[in-house]
Structures are given as structure tokens and as C-alpha cells.
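Shown next, in C-alpha cells, is the structure this report addresses.
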Amino acid sequence: MEKNKFYITTPIYYVNDRPHIGHAYTTVIADVLARYNRFKIGSDKVWFLTGTDEHGAKVAQSAEAEGKEPQAFVDEISEEYKNKWEKLNISYDDFIRTTEARHETVVKEILTKLKSAKTPQGKDVIFKDTYEGLYCVGCEAYKKEEDLEDGKCPDHGKAPETLSEENWYFRLSDYTDELKQKIESDEIKILPADKKKEVLSFIAQGLEDIAISRANVDWGIPVPFDKEQTIYVWVDALINYISAIGYPDDEKFKKFWPANVHLLAKDILKFHCIIWPAMLLAAEIEQPKELFVHGYFTLSGKKMSKTLGNVIDPDELVEEYGADAARYLIISQFVFGQDGNVKVDEFPIKYNADLANGIGNLASRVLSMAEKYCEGKVPDKKFDADLDLKKIWQKIDKGFSDYKIFENLKEIWEVIRWSDTYIDETKPWVLGKESKQEELDQIIYNLLEILRHLGWLIKPILPETSDEILKRLGESESDCSYSDAIAVGKIKSGTKVEKGEALFARK
Ligand code: MSP
């Protein structure tokens, strides 16, 4: 396995729901991390996977409700996801759909493999059994009485239906000890720490075997050894992380598996942190390195979801603010990992403060002073500002590997604030009047170099703005490596710079 590589995934989203900014949250964060890693280690070493989860009772019911054939329905919504991701500049390397043949083949292969596998206790991994339970179609999962509030699923606000079927089962209970040990030792690393704790306490309560097929759901992949049943949608879906990269023989699989990180929210924690690792153990496939479980995007304290009817379409944000600003507004709401209220009313305030009056205004101030006082060229000086850019890059790098997206935004915006203060304190306009050219050259040089760093710092977050700033500074990605980009004092004296239009129009 190549060590210096980065494979990141988002959950594959259900096509019964239209994409909203809750889905966009995970996807933009994945995009930021993929872009940062491409910048740092090179595009050929990064793989960013997203996609859509298209089987199961829930999707079939939604298709029926719209009077459409399931395939036509899933084609349509899956396309909607792609369109919205394109508008948000999501740079995925692959988009997997669970109705694709390449996925179905691998799912059947894994099921066949599991059918002949034995658990650590020497029992069959897969067996047939009958179970009666409460099934929530919204979750596509069985629920226990104690999971319900007033008899209803708290996430979907509906009472689950009683299901009694003869199904194929996965002997999850036999993996209890191995899972516990691997999670405790961080061999399977679950982040943040409170989510790891939650998973361990769930395991400590005892794991029950789970049904992995359905007898009465036609819209699914047939069980290869029992044509009367279809594969449970979650088992089908989780396999996307390996089917998309060509398990078992494809070069891509050999290069990128195990995933560096699966990103997900806490709604699907048990599936990713217990069932998926157990499936991989049983199929003797390496575990993903990390699973990062974030919180909910809430509106007035409620999880944003179609069922609750409180969703915001990312297209509205892109239309109002542009792609970069929409990305910024989505990810700058609260610490990644926690739950947080999305302050939609404050979007224009945040947009003006951080983008129009923040990075946009700073770029325009610095570039227009370079035009006015330095003939639009980088002066011939050495960087001597009291700002430790090297340390900032170290923090940013550590921040991205620790999923501290929110803290990294703060760190970058601190550089913007520092620069504004530097301008206010050094007062280049006074020096200009006094014709103190040497001092002016030094200050403008420092500011242009800081702006160049900012151009690179915002690259994963605001890719269009980054390109524009760097272009105005005469810097292009094709002739600039990561180490050149982050080195201090690299801006070339004599380079022509250009002021250009406002980067973010005020609202
Ligand atoms: N299809 C399954 C996932 C299968 S992965 C093998 C599924 N789909 S989903 O459409 O419901 O997407 C859930 C994921 O979307 C969450 O885990 C999270 O990444 C994202 N989010 C959807 N709504 C969200 C919020 N309101 N807040 C935060 N994340 C949100 O589950």
C-alpha cells in the first residue's frame, strides 16, 4: 500500500431526499480536505469519492409517491446531486451510484465471500433466521422500543412498522471482542473522542446479529445465493467504499485502500463504526484508517431534513452569494464535529464581514496600493513583517489532519485581520505623501507576500477566489510547488500585479 496517499469518502446520499445544505456540509468539508491534500501531496495521490445510495424500501416508496419507475426516479435525483455539487465546485474524483453494474458485481462478490466465511468462534458468518421487530423505513433499520419517543422514530417523526420475515443474518455478535479491541486501540480510529466513547459503550451493551436481506423489498440487489431475497440496503451501500475503487484487483483499489477517512454524521454512526468494520473483518479486508463523525446542521435546534421540512437548497446560496461564498457560509458555522445551529439570517452579515470586507477588501487595498505607490510591481525587498507565516502553515497543516476545519478558518482570517491592522498602523498613504519610498516599498512588499500566502491558504476553501488572487499576483499553480507556495519571501520582485474587480460585491 502506498503510504503517501489520501482517500476520502462522504456517505453516499439517499436519492429519496433532494440535496440540502446538510448534505452539502459533509461534501464541502470532504472537498476542502481533498483539495488541501492534492495541493500538498499531488493530485495523483488523492481520491475523493462521493455518490448516491439508490436501493431500498425508502427509495422505492418515494419513486412510487412521485408516480415514477424506480430507475427513472433514481437517475433523476442522482443527477440533481451531481448538478448541485458541480455548482459548489465539488472536485470529486468519482461519483458512485449503487445501481451501477460495477457496484452490484462487488456487492454480490462480498456476499458470496461472507456466505462461506466463519466467525472467530468458527460459526457461519451468514445464517437464516426469523425476527419480528419494529422497522423504520426512514432509517432503513430496526428500532428498539427505547430508541423511540412517544412510539415514533425521533429522526423521522413516524411510528415504525412491525416486520416479521425470514431473512439472512450476519453474526455481528461474534465480532464484539475484536471490534472492541480494535476501536479501543485506535486500530480503527473513531473521531472525535466522544463518538469513540459512544461506539464503545454501544458495543459494551452487547451486539445483536443483524438481518442483511429483505424478503419483501424488490428494489435491491438480489442475494446471490437466494433469488427470493434482496440485500439489505445498508450492506449494499457500505460496500460502495470498495466497489468504487475496483475491489479486489483494480490498481486503484491497491493504491488507495484502506481509506484514510470516511466522513459521516452521527445519524449513521453504528452502520459505519460497527457494522462496516465487522463486515470487513469477516471478509478479511483491511479496515479504514479513520472515521470522522460530525454533528448535525440544525435550524432552530432541529436537524435539517426533508421529513421535518426545514431544508435549504445549496443552489439558493450559490445563486445569492456565488460558489466560494456558499462553501464558506456552509462550513464556517460551528466547530466541525459538534452540532450547531445554522444562522441563516446572519448569512449576509457574515458574507460582508468575512468575504466582502475581509479577504475581498484586503486584496483590493493591497493591490491598489501596489499600483499607486510601486508602479504596479512587486518592490525589491525582503520579507520583514512580524508575522510568522511558517508557523501559520504548520498550524494549518496540523489543523487539516486533525479535522479542525473551523479552527483553520479562524487562523486564516486572523492573518487577514493582522494585515488590516498592519495597514492601519503603518499608514502607507501618509508615507506616500511624505515620499518615503523605501519604507513604502518594504510595507507593500510585506503585504503582497502575505496576500500571496493568503491566496494559497484559502485555496481549498475558496478555490475561485484563490485562483483570482494568485493570478493578480502573477503566480500560477503550474509553476509553483507546495513547498514554494508556503515558503516565506517567495514573491518575485519586479512581478507585475493587477488590482482587478472587487472579489466579493457587498450585500
Ligand atoms: N444513504 C445513507 C448513507 C450510506 S453511506 C454508506 C444515508 N444517506 S443520507 O442521505 O441520509 O445522508 C446522511 C448524511 O448526510 C449524514 O451522515 C451527513 O453526512 C449528511 N447530512 C444530512 N443531513 C445533515 C444535517 N442536517 N446535518 C449534518 N449532516 C447532514 O444516511
Can you tell me which condition Val32 does not meet? The list is (1) in contact with an Asp or Glu (Cβ under 9 Å, 6 or more places away or on another chain); (2) within 24 Å of Ala323 (Cβ to Cβ); (3) away from the ligand (no atom under 12 Å from the Cβ); (4) part of a helix (DSSP H, G or I), and all the others hold. (1)
Are there any pairs, at least 6 apart or on different chains, whose C-beta atoms fall under 9 Å, with the first in segment 235-254 and under 15 Å from Leu280 (Cα atoms) and the second near the ligand (Cβ under 10 Å from one of its atoms) and at pLDDT below 95, and if so, which? Ala237/Glu140
Do we have Ala259 as under 18 Å from Ile41 (Cβ atoms) and within 12 Å of the ligand (Cβ to nearest atom) here? yes
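Would you mind stating whether Ile416 is more than 23 Å from Gly337 (Cα to Cα), out of contact with any Phe, Trp or Tyr (no Cβ under 9 Å at 6 or more places or on another chain) and aliphatic (A, V, I, L, M)? Before the answer, list the steps.
Numbers: more than 23 Å from Gly337 (Cα to Cα): yes; out of contact with any Phe, Trp or Tyr (no Cβ under 9 Å at 6 or more places or on another chain): yes; aliphatic (A, V, I, L, M): yes.
Criteria met by Ile416.
Consider Asp313 carefully, then state whether it is away from the ligand (no atom under 11 Å from the Cβ), closer than 30 Å to Gly157 by Cα and in contact (Cβ under 8 Å) with a residue 40 or more places away in the chain. Outline the logic, then answer.
On the way: away from the ligand (no atom under 11 Å from the Cβ): yes; closer than 30 Å to Gly157 by Cα: yes; in contact (Cβ under 8 Å) with a residue 40 or more places away in the chain: yes.
When the stated conditions are applied, Asp313 passes them.
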So, first residue small (Gly, Ala, Ser) in segment 82-98, second residue buried (at least 20 other Cβ atoms within 10 Å of the Cβ) and part of a helix (DSSP H, G or I), Cβ within less than 7 Å, six or more apart or across chains; the pairs are Ser91/Asp31; Ser91/Ala34; Ser91/Arg35
Looking only at residues in segment 1-17 that are in a strand (DSSP E or B) and open to solvent by less than 30 Å² (accessible area, probe 1.4 Å), which one is farthest from the ligand (Cβ to nearest atom)? Phe6
Given the conditions (1) modelled with pLDDT of 95 or more; (2) of a type outside the set (A, V, I, L, M); (3) open to solvent by less than 30 Å² (accessible area, probe 1.4 Å), every one holds for Arg38 apart from (3)
Criterion (in contact with a Pro (Cβ under 8 Å, 6 or more places away or on another chain) and within 11 Å of the ligand (Cβ to nearest atom)) met by exactly one of His20, His55: His20
If you scan segment 42-93, which residues turn out to be in a helix (DSSP H, G or I), open to solvent by less than 20 Å² (accessible area, probe 1.4 Å) and either in contact with a Ser or Thr (Cβ under 6 Å, 6 or more places away or on another chain) or of a type in the set (A, V, I, L, M) (or both)? Ala57, Val59, Ala63, Val74, Ile77, Ser78, Tyr81
Give me the residue from segment 199-229 that is open to solvent by 10 Å² or more (accessible area, probe 1.4 Å) and within 16 Å of the ligand (Cβ to nearest atom) and, out of that set, nearest to Lys180 (Cα to Cα). Ile210
Could you check, for segment 113-135, whether at least one of its residues is within 33 Å of the chain's Cα centre (by Cα), within 20 Å of Pro277 (Cβ to Cβ) and assigned to a helix (DSSP H, G or I)? yes
Could you pull out every one of the strands (runs of 3 or more DSSP E) wholly within segment 230-330 that has 1 or more residues that are β-branched (Val, Ile, Thr), surrounded by fewer than 23 Cβ atoms within 10 Å (Cβ to Cβ) and modelled with pLDDT under 95? 297-299
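Does Leu238 satisfy being of a type in the set (A, V, I, L, M) and under 19 Å from Tyr92 (Cβ atoms)?
yes
The values are calculated or read from the model by the stated rules, or taken from the named source; none is laboratory data. If you're wondering where the values come from, they're calculated on a predicted model, not measured in any experiment. Counting neighbours? That spans all protein chains shown, and the Cβs are built from the backbone with ideal geometry, glycine included. Surface accessibility is based on the protein's heavy atoms, side chains included, excluding ligands, DNA and RNA. Shrake-Rupley method; radii C 1.70, N 1.55, O 1.52, S 1.80 Å.
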